[in-house]
Every structure is written in structure tokens, then in C-alpha cells.
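These notes are about the structure you will find just below.
The values are calculated or read from the model by the stated rules, or taken from the named source; none is laboratory data. Given the structure is predicted, the values throughout are model-derived calculations rather than measurements. A quick note on method: Cβ atoms are made from the backbone with ideal geometry, for glycine too, and the neighbour counts reach across all protein chains shown. Only protein heavy atoms, including side chains, enter the accessible area calculation; ligands, DNA and RNA are left aside. Shrake-Rupley method; radii C 1.70, N 1.55, O 1.52, S 1.80 Å.
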Amino acid sequence: MKTKSKKIMIRRVTQEELNYNKIVLIVDSFANMNNMSKNDFLKKIFIGAFKLIPEAEKGSFYELAGDEYVPIFSNGYNIDTLKKLSFKREEAFNDFHCSDLAKIDAHEIYIEKRDEGMYTKETIDIFKELGTYSNFTTLYAPIQVEGINVGIICVECFNKTCYSKTSKIILKFYAQIISNFYSQKVLQEKETKMYHDTVTALVSAIEVMDKYTEGHAQRVRNYSCAIAEKLQLTRQQVSDIGTAALLHDIGKIGIPTEILNKPGKLTDEEYAIIKLHPVHTKTILEKISGFSTISNFAYGHHENYDGSGYPQGLKGDQIPLESQIIQVADAYDAMTSKRAYRSALSVKISLEIIKEEMGKQFNPEISKIAIELFSKD
Ligand SMILES: [Fe+2]
Ligand SMILES: [Fe+2]
């Protein structure tokens, strides 16, 4: 009696451990999902799937690219051979049943022999080369974004084995995880596009108002990013500097056009109005969600290193480094461009002015980099 209960206990612990390991593997597939490249993510998924679906010997992942499904990942197949395959969206997986209307689920099919009437001779030859011409069982599941198929995951075994109920559930789980991953990516792409569209619309708004600044925002962005990269700032910093540089003068929308485009010298009163544009820039940008850091960088683009700038009269390190970079880039472009009240200065003279103003108007380190970069142009 004692021996019997001991045996039962050993079996229970083993099963629990097994289940625990399966859960860990599945949960692990979700970890850091958003920060992973597509290939790393799929690799992780396949490693998990092959450990948890014992019948699986080889597998592949197809993605819908335009109007065709193309293989982008394989486990066990020669990827170069596999990549010779592609299927028209409407003809994809002729042997499979996987319409857009089907919900995410795992389906099993045994292929005794491919129907040669359905495929070209080239495709049949590739199937033969891959070993997927006859006598294999595939377990597959669609990947969907908003109910539409965008991919398919399949695992194969090369005989007539039936996949267990657990294996089918596991592949369904993985198909759902991959579908979530793809949905996240689509959402991120939509957000990025919206972000860029907002920035482009705002930049066009300044250019409509101020005819002398056409291309100014884009050039200041390019100069600022070049300086930031030379300073070895992070990718995020370079990106934020780029956006702030594009939008640094957006506040000019709040300045009357007759002052902005005045060909002659400005009166003190008019100059005081112009000097308000960084304040307007901040007011406009901080209203856009996610732009608070960027609005601050743009706000500081007329602060001078020695404290003689505006609107706050900040000095040295009190000015964000990002603003100091944009300030030098902005001044350089303003000098080398034609303005309402003067013609463009040469690169040589503009760089001499930057050199003269090192430690006064401009941060010395940034000036040195700017001179080095722009004297190559
Ligand atoms: Fe400005
Ligand atoms: Fe500017």
C-alpha cells in the first residue's frame, strides 16, 4: 500500500513539472515581444513550438507580402530552396483550408501526394526538393490582423502521424501570439505614420506663412542630426533632436506675415514680437501628446551660451544640449540662406562667424563639430 502511493506521487510531480515547463515556454514567448525583431521573435516561437509539439520535424512561416504569401522563416528546411516558393493570395495553400473567414485555429492535413494539376512544374520540383511532395502531415494555423489572414505557420512530420489534441492547442496558442505581435506592429506603424504626418503638416504650415523659410526646417534638421550623431548621442536623442529641429520655428505661425516677410529693418517693437516665436512654439507643441520633450528642445533654440539669448536668458548647461545643437544648426542655415533683409552669406564667412561666437553665442564643443562638418560641404 505504501509503495503504491509513493509511485503515484512520483508520477504526479513529473506531470506537474512537465506542465510547468510548457507554461514557462509559452509565457516566455510573450516576453519582450514588442522590442524584438520579427526574425528573432519567429525564431523564439519555433524553438518553443518544436519543444512542445513532439510530432513536428520541420516547420516554416509564410507572410503575406502584397498579393503573395512568401516564406520568411524556416526550421529544418533549406531556406534558400523554400524561398523559391510563393503563392498567390487567392491560390495560397491550395491543399489547405484557411480562408480569411476562418478564426485562428490549428488545422491538420495529410498530403498523400500533391495534386500536380494545381501547381506549376517548377513548384512541384521545389516540393520534391524540400521533401513536401508526398506522404507528410502538416499542422497549420493562420496569422490574422483584424480578422484578415496575413501569414501562416506550419509544422510538418513525414508520415501519417496524427497530431495530438495538445499539439493542436499549442499551435493555436502560438498562432494567436504571432497574430498579436503582427497587430502590435501594424499599430506601431500607424502611430509612426500619424506622427510623421503631423510633423509634415506643421512644417508646411510655417512655410506657407514665411516664404523665406522654404526648406529651412528640413536643412536645420539635417544639420542638427549630423552634429548629434557626431556627438554620439543615442538614436532616440538624435530622433527627438530631428523632430524638434523640424518644428523649432512653428511658433512663427503666431507672428503677423507683414512682420515675418518685411524686407527692411525691423522696429524694436516688431523685433520684440518676432522674439516671441519660441514661446508660441512651446505653446503649440506641448499641446500635442508625446511632444513635451520635443517642445522643450525647440523652446530653447534662441538661448545663447553666454546667457544673452531669449526668451529665458539661460546660460551654458542650463540650456538643454539638444537646444544648443539646434541653435548652431539654425544660425548656420540662416546665415547661408537668403533672407528678407539680406542676401546669403558664404559658407566661409558663416563658419568664421560661428568661430568668433564660440563660447559667446554658441557652445564651443558644438561649434567645433559644426565647423568640422560644414567646412566639408
Ligand atoms: Fe527661430
Ligand atoms: Fe529657424
Q. Excluding ligands, DNA and RNA, what is the solvent-accessible area per residue of the range 32-186 at a probe of 1.4 Å, expressed in Å²?
A. 48 Å²
Q | Residue-by-residue Karplus 3J(HN,Hα) for the range 302-314, coefficients 6.51, -1.76, 1.60, Hz, glycine and proline x | A | 10, 7, 9, 4, 8, x, 8, x, 9, x, 9, x, 6
(Q) Using the Karplus curve 6.51 cos²θ - 1.76 cosθ + 1.60 with θ = phi - 60°, what ³J(HN,Hα) values do you get for each residue of the range 152-157, in whole Hz, with x for Gly and Pro? (A) 8, 10, 9, 10, 10, 10
Q.
Cut-off 10 angstrom, C-alpha nodes, Gaussian network model of the chain. Which of Tyr271, Tyr69, Tyr332 fluctuates the most?
A. Tyr271
Q: Quickly estimate the mean residue ellipticity at 222 nm for the chain, helices only: each DSSP H run with n ≥ 4 gives -39500 (n - 2.57), and the total goes over all residues, rounded to 500.
A: -17000 deg cm²/dmol
Q. Roughly how many Å² is the accessible area per residue of the range 235-377, as a whole number, for a 1.4 Å probe?
A. 49 Å²
Q: Quick one: what are the phi-derived ³J(HN,Hα) couplings along the range 133-138, Karplus 6.51/-1.76/1.60 with θ = phi - 60°, whole Hz, x for glycine and proline?
A: 8, 8, 6, 8, 10, 10
Q) Label points 7 Å out from Cα along the Cβ direction at Asp268 and Ala344: separation in nm? A) 3.5 nm
Q) With every protein chain present, what accessible area does Glu68 have (1.4 Å probe, heavy atoms only), rounded to the nearest 10 Å²? A) 60 Å²
Q: List the lysines whose Cα lies under 20 Å from the Cα of Lys83, skipping any in the same chain that are fewer than 8 positions away.
A: Lys38, Lys43, Lys58, Lys121, Lys128
Q. In the neighborhood of Asn75, defined by Cβ-to-Cβ distances under 13 Å, what is the net charge if each Lys or Arg adds +1 and each Asp or Glu adds -1?
A. +2
Q: Could you please report the charge total around Lys190, scoring K, R as +1 and D, E as -1 over all other residues with beta-carbon less than 12 angstrom from its beta-carbon?
A: -2
Q) So if R0 is 35 Å, what FRET efficiency would Cys162 and Ile124 give, r being the distance between their Cβ atoms, rounded to the nearest 0.05? A) 0.85
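In debye, nearest 20, what is the charge dipole magnitude of the range 69-196 about its Cα centre with +1 on Lys and Arg Cβ and -1 on Asp and Glu Cβ, if you could check?
280 debye
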Q: Leaving ligands, DNA and RNA out of it, report the carbon-plus-sulfur percent of the accessible area of the chain at a 1.4 Å probe.
A: 54 percent
Q: Relative to the longest principal axis of the C-alpha atoms of the chain, give the angle of the C-alpha long axis of helix 2-30, reported between 0 and 90° and rounded to the nearest 10°.
A: 40 degrees
Q) Roughly speaking, what is the centre-to-centre gap between the range 304-340 and the range 135-168 when only Cα atoms are used, to the nearest Å? A) 60 Å
Q: May I ask you to give the average projected area over all directions of the convex hull of the Cα atoms of the chain, in nm² rounded to one decimal?
A: 29.1 nm²
